[in-house]
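Working notes, beginning with the structure itself.
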Amino acid sequence: AAIDRQIVGTLEISFRYISIGRVPYLFNLAVHPQWRRQGIGTKLLTASERIIADWHVPYLYLHVLADNLPAQQLYFRSGFVCLHKEKRWFRPARLLLRKAL
C-alpha cells in the first residue's frame, strides 16, 4: 500500500554567531498554513531540545520578528524569555529569545 507523505513543518538548529557570541540557535521554524495551530510547532521545538540536550549547553537562542505575535506566543508558551529587542535601520525589529535547558 502506498503511503501519502508530505512535509508540514521544518526547523533548523546549529551553533551560530550572534550578538552575544557563538550559541545553540534555532532558525527557520515554519509550519504549512494548513497545519498551523495543531501542535506541530511545539513538537518541532521539543524534538530540537532533545537533540540540543546532547550538546550539553545551558541555553538555546532564537530571534523572532517583533511584530510576529503568533510565533512569540508559541515561543513564550514553550519557555523562552525575551533578552532584548534589536532594531536596526536596515531590517525589521526583532527579539532575541533564550530558553534554559
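Consider the range 30-44 and keep the residues that are part of a helix (DSSP H, G or I) and among the aliphatic types (A, V, I, L, M). The one that is nearest to Gly79 (Cα to Cα) is Leu44. Applying the selection to the range 28-70, what residues are among the charged types (D, E, K, R) and under 15 Å from Thr10 (Cβ atoms)? Hits for the range 28-70 are Arg36, Lys43. Number of residues in the range 79-93 that are at pLDDT below 95 and either open to solvent by less than 50 Å² (accessible area, probe 1.4 Å) or in a helix (DSSP H, G or I) (or both) equals 2.
Rundown of residues vs (1) touching a residue at least 12 places away in the same chain (Cβ under 8 Å); (2) open to solvent by 80 Å² or more (accessible area, probe 1.4 Å), yes/no style:
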position: Arg5; (1), (2): no, yes
position: Thr10; (1), (2): yes, no
position: Val23; (1), (2): yes, no
position: His32; (1), (2): yes, yes
position: Leu45; (1), (2): yes, no
position: Ala53; (1), (2): yes, no
position: Leu60; (1), (2): yes, no
position: Leu69; (1), (2): no, yes
position: Leu97; (1), (2): yes, no
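The values are calculated or read from the model by the stated rules, or taken from the named source; none is laboratory data. Keep in mind that this is a model prediction, so the values were computed, not measured. Heads up, the Cβs are rebuilt from the backbone with ideal geometry, glycines too, and the neighbour counts pull from every protein chain shown. Just the protein is used for accessible areas: all its heavy atoms, side chains included, with ligands, DNA and RNA removed. Shrake-Rupley method; radii C 1.70, N 1.55, O 1.52, S 1.80 Å.
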